[in-house]
Amino acid sequence: MSSLLIEGGKRLDGEITVQGAKNAVLPILAATVLSGGRNVVYNCPDLSDVSSTVEVLENLGCSVMRRGSILEVDSSNIDNCTIPDSLMRKMRSSIIFLGAIIARCREACVSMPGGCEIGQRPIDLHLKALRSLGIDITESHGYIHCKADKLIGAEIHLDFPSVGATENVMLAACMADGITTLENAAREPEIVDLQNFLNRMGAKISGGGGSVIKIEGVSRLYGIEHNIMPDRIVAGTYLVCAAATRGQIVLNGADSSHMSAVLNLLSDMGCKVWREKNRIALCADKRTIAPPCIKTMPYPGFPTDIQSPFMALTAISEGTSVFVENIFENRYQHVDELIRMGADIRVDGRCAVVIGKDRLCGAHVEAKELRGGAALVVAALAAEGRSIIDNIKYIDRGYEHIEKYLSLCGASITRRE
């Protein structure tokens, strides 16, 4: 098991080039199944979730080659439409392959997906939407069996703007007969990146980034080259790290237009924030001010994925903050670990009250899921003394060599195997 050793109390000061977005690269890699040819994907982050996705592609019969941040996927020889339980359990986003495999093979068999235990994330929205496209779906013994003689365009309304369900519909419907209209679609920037990728392959999709997406089915797609968008959650986490240490940081390759909710909140907390095209800078030369309330919401609201790092920041801010988690009911697993470091946090259901303390103390803590692990890194950087963070396999799912990037900015952080 790997751990991070962090000597806290060191002010961050430096520049970081933001990695490619985890939440964009995974559905785009699934989409390479559709072309039956060669796709080259640039700016792929070195994450365990990407490695797991490559395993799924290879299991299906794809040839995958990696050169640094470049992934080349040849899907011309797919000979399998089943993803075994051992691969599906590794990550939640593996369910995105369902729409792509059905569109390519007209059948699919996958087990129920795994991933971080941050609450119920039912896939009923996915299955209901896919059934609307004429897919026969049965569930038995933990597996989902899908079959369709042909896919037919339909009008689909999502009861909740699920990112995964939106992506699955886009992947399946882009090769269906007729037009599909998806209402109450997720609006995240990663949806737009997937739309751009599919359209460059020859799909006809419009409306990505809005609540209504129109998909006109085509008979064939082609291999292309594509550059993955920057990771807005990783960018936000590094900004929070700088704010927590009263430091300054410059993020190159970051897109501020995707991060308004995060950047506005940091400004409200007393940080100086500069926004340029493909560049964000932050300076925090004094203790941050706790915002009264932080509510997670679907995009363009405040992202649930950045809630945990902000809770670590408010734990050392001046004043009291109330967090309301509206997306996942079990996303406060980091709270007990922050309390071990001296934080004053009280949880009641989906609400958490954080009373800011002058300082936190280093402690031996454990990451229990991806974003909660990032919150522990934020806290450890600001704390007095040494912290050890165990179980960082969760952090590695979404943050590429986090110790390397933070070390570039003056953090005392090392990985221990």
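Every read-out reported here was derived from the displayed coordinates using simple, explicitly stated rules and does not represent laboratory data. All values reported here derive from a predicted model rather than from experimental measurement. A quick note on method: Cβ atoms are made from the backbone with ideal geometry, for glycine too, and the neighbour counts reach across all protein chains shown.
Observations on the structure shown:
- Footprinting exposure proxy ranking of 297, 88, fewest other C-beta atoms within 10 angstrom first, gives 297, 88.
- Considering only alpha-carbon pairs that sit under 8 angstrom and 6 or more positions apart, the relative contact order computed for the range 22-227 is 21 percent.
- Build a GNM of the chain with springs between Cα atoms under 10 Å apart, and of 112, 170, 65 the one that fluctuates most is 65.
- Label-point gap, in nm, between residue 388 and residue 79 - each point 7 angstrom along Cα→Cβ: 4.8
- Amide H within-cut-off set for residue 302, under 5 Å, with H built and near neighbours excluded: 297
- The stretch between residue 160 and residue 145, if pulled fully straight at 0.36 nm per residue, gains 3.0 nm over its current Cα-Cα span.
- Taking amide H positions as modeled 1.01 Å from N, with prolines and chain starts lacking one, the residues under 5 Å from residue 392 and 5 or more places away or on another chain are 2.
- Convex hull volume per residue in cubic angstrom - Cα atoms of the range 22-227: 101
- Order of 90, 214, 272 - criterion: other Cβ atoms within 10 Å of each residue's Cβ, fewest first: 272, 214, 90
- Pairs over the 32 Å Cα-Cα cut-off, from the set 90/357; 147/295; 128/404; 214/277: 90/357; 147/295; 128/404.
- Shape summary: the chain maps onto an equivalent ellipsoid whose semi-axes, from the alpha-carbon gyration tensor, are 38, 21, 20 Å in decreasing order.
- Fewest-first sequence of 160, 302, 310 by Cβ atoms within 10 Å of each Cβ: 160, 302, 310
- The chain - share of DSSP beta bridges that are antiparallel (%, nearest 5): 70
- Between the range 228-242 and the range 1-26, the alpha-carbon center distance in angstrom: 9
- Springs between Cα atoms under 10 Å define the GNM used for the chain, and in it the highest mean-square fluctuation of 59, 252, 264 occurs at 264.
- Net dipole in debye of the chain [+1 Lys, Arg Cβ; -1 Asp, Glu Cβ; about Cα centre; nearest 20]: 620
- Here residue 211 and residue 412 are evaluated by their C-beta separation; at R0 = 30 Å the FRET efficiency comes out at 0.10.
- Residues with amide H under 5 Å from that of residue 187, placed H, sequence gap 5 or more: 299
- Ranked by how many other beta carbons lie within 10 Å on average, peptides 369-379, 124-134 from highest: 369-379, 124-134
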